[in-house]
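To start, the structure itself, in structure tokens.
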Amino acid sequence: MYSRIIGTGKYLPDRVLSNLDLEKTLDTSDEWIQSRTGIKRRHIAAENQATSDLAYEAARVAIDDAGLSPHDIDLILVGTATPDLIFPNVACLVQKKLGIKGMAAFSLEAACSGFVYALNIADHFIRSGQASRALVIGAECMSRIVDWTDRETCVLFGDGAGAVVLEKGDKPGIIGSKLAADGSRGDLLRASTGITDTENEGKSPTIQMKGNEVFKLAVKTLGSIVDEILEENQLTKDAIDWLVPHQANFRIIQATARRLDMPMERVVLTVQDHGNTSAASVPMALDTAIRDGRIQRGHLLLLEAFGGGFTWGANLVRF
Ligand code: ACO
């Protein structure tokens, strides 16, 4: 038994915040942001929108795209670092908005690697016969946890949600996944506080990042994981039709593409329009390239991501 992607969707909030808009409130420039990161603009959730609202919109599109009704779904998984509440988890909130119940629904925290992790878990549920049609979502409101006075981080992030529907089948589908983490490097990229962080009681969390070190570790870990996943699945670099990377920084994406000897024409890029949307970035990039016709049925895709934790992972997918 295997799982395969039968529908995708994304949702971006209406408000667009450009680099030029940021120039008005910060000591920064469009030129600096574009040359260091590739980002031109990002979307920002409205005050009355939470992560589950974005996730729900993306889920609706993915379920429609799969030709299904919400009642056909028997597992809901959400990767997010910015849940509406501690509980109910975002997957349960989406379940309620979809008007369905009964199936398992849970969220997982792996920062920007959340979707890649969730896809691997959903694939295991389907392969083991525990689920037949899984809704897998990456959704974030990163704008709620950035310090809008910190030019080193706030220019990088955006909000959005992406979703896929996985269905069981007799051919892969998800060919293989590889997940990894190194908790000892958690200090590189973290939220400044949380619920039971006794040292910072009463404060709101904001993103803290050692940008240069994250950059170097991301290039290194992504480089080795793409080699490992190809080797484990006895595939060569030239078999990959599309690289669908986490959209954090154009230069990190370029380095991974170089490692794979892939021309940038075969890399899906959305970072310029979305910024870093954390767990939402890979499913939104995937949906973008499917809808504009670049990714076709039968193509071999390599999805990869890295994020706070430090976490990283990859999925090999026959679309
Ligand atoms: N505008 C203008 N100047 C800036 C800005 C800004 N927005 N931000 C920093 N600078 C300045 C710095 O203060 C520094 O000035 P100085 O030389 O006078 O001290 C100068 O620009 C260079 O700063 P660096 O940090 O060395 O710049 P770098 O080239 O490393 O780029 C960046 C910084 C873009 C953050 C890069 O390191 C990077 O992309 N790192 C990876 C980050 C990443 O991918 N994070 C997402 C992780 S995913 C997740 O889980 C959330």
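The values are calculated or read from the model by the stated rules, or taken from the named source; none is laboratory data. Everything numeric here is computed off the predicted structure, so don't read it as measured data. Reconstructed Cβ throughout: ideal geometry from the backbone, glycine too, with neighbour counts over all protein chains shown. In case anyone asks, the SASA skips ligands and DNA or RNA and just uses the protein heavy atoms, side chains included. Shrake-Rupley method; radii C 1.70, N 1.55, O 1.52, S 1.80 Å.
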Residue within segment 139-146 that is open to solvent by 20 Å² or more (accessible area, probe 1.4 Å), over 20 Å from Pro245 (Cβ atoms) and of a type in the set (S, T, N, Q) present: no
Segment 17-48, residues that are more than 13 Å from the ligand (Cβ to nearest atom) and among the polar types (S, T, N, Q): Ser18, Asn48
Helices (runs of 4 or more DSSP H) fully within segment 239-319 counting 2 or more residues that are closer than 25 Å to Cys141 by Cα, β-branched (Val, Ile, Thr) and open to solvent by 20 Å² or more (accessible area, probe 1.4 Å): 281-291
Segment 216-238 - residue that is open to solvent by 50 Å² or more (accessible area, probe 1.4 Å) and touching a residue at least 40 places away in the same chain (Cβ under 8 Å) and, of those, farthest from Pro83 (Cα to Cα): Glu232
Leading residue by the ranking (nearest to Val94 (Cα to Cα)) among those in segment 125-138 that are in contact with a strand residue (DSSP E or B) (Cβ under 9 Å, 6 or more places away or on another chain) and open to solvent by 10 Å² or more (accessible area, probe 1.4 Å): Arg133
Cβ-Cβ under 7 Å pairs, at least 6 apart or on other chains, segment 21-40 side open to solvent by 50 Å² or more (accessible area, probe 1.4 Å) and in a helix (DSSP H, G or I), far side charged (D, E, K, R) and more than 6 Å from the ligand (Cβ to nearest atom): Glu23/Asp30; Gln34/Lys40
Enumeration of residues in segment 92-102 that are crowded, with 17+ Cβ neighbours inside 10 Å and either acidic (Asp, Glu) or outside any helix (DSSP H, G or I) (or both): Ile100
Total residues in segment 192-215, condition surrounded by 12 or more Cβ atoms within 10 Å (Cβ to Cβ) and either within 15 Å of the ligand (Cβ to nearest atom) or at positive phi (or both): 11
Those residues of segment 258-270 which are within 16 Å of the ligand (Cβ to nearest atom) and out of contact with any helix residue (DSSP H, G or I) (no Cβ under 6 Å at 6 or more places or on another chain), in sequence order: Leu269
